[in-house]
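All remarks here apply to the structure that follows.
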Amino acid sequence: MEAKVFGLNDVVEMKKQHPCGTNAWKIIRMGADIRIKCEGCGHSVMIPRNEFTKKMKKVLVKAES
Ligand SMILES: [Zn+2]
């Protein structure tokens, strides 16, 4: 299994899509908790980092550093 590398402003795909039908989330805050924002409806959620790592499927768009 490949390592999950992600960073601020990356757009990621999660294992479960948001109820609005979109499965693209932008990372808007990195820390002990990760805050992601749904690209479809703008809803944002905060997830502990270890849980995020488990639930994240892949990076769709890598942010420019
Ligand atoms: Zn949504």
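Annotation note: trypsin sites (Lys or Arg not before Pro) in the stretch 1-60 located in DSSP loop regions with a Cβ neighbour count of at most 16 within 10 Å are K4, K15, K16. Helical content alone sets the calculated 222 nm signal of the chain at -2500 deg cm²/dmol, taking -39,500 (n - 2.57) per DSSP H segment of four or more residues and averaging over every residue. Placing unit charges on each Cβ (+1 for Lys and Arg, -1 for Asp and Glu) gives the stretch 11-60 a dipole about its Cα centre, and among I28, G40, M56 the Cα reaching farthest toward its positive end belongs to M56.
The region of the chain that goes longest without hitting one of the GluC sites (Glu not before Pro) in a DSSP loop, each with at most 10 other Cβ atoms within 10 Å, is 3-63. Taking 0.36 nm per residue of separation and subtracting the Cα-Cα distance, full extension of the segment from K16 to V59 would add 14.1 nm.
Every Cα-Cα pair in the stretch 11-60 was counted, and those over 12 Å apart are 57% of them.
Taking label points 7 Å from Cα along the Cα-to-Cβ direction, N9 and R35 give a separation of 1.7 nm.
All of the numbers you see were taken from the coordinates with simple rules; none came from a lab. This is a predicted model, so every value here is computed, not measured. Counting neighbours? That spans all protein chains shown, and the Cβs are built from the backbone with ideal geometry, glycine included.
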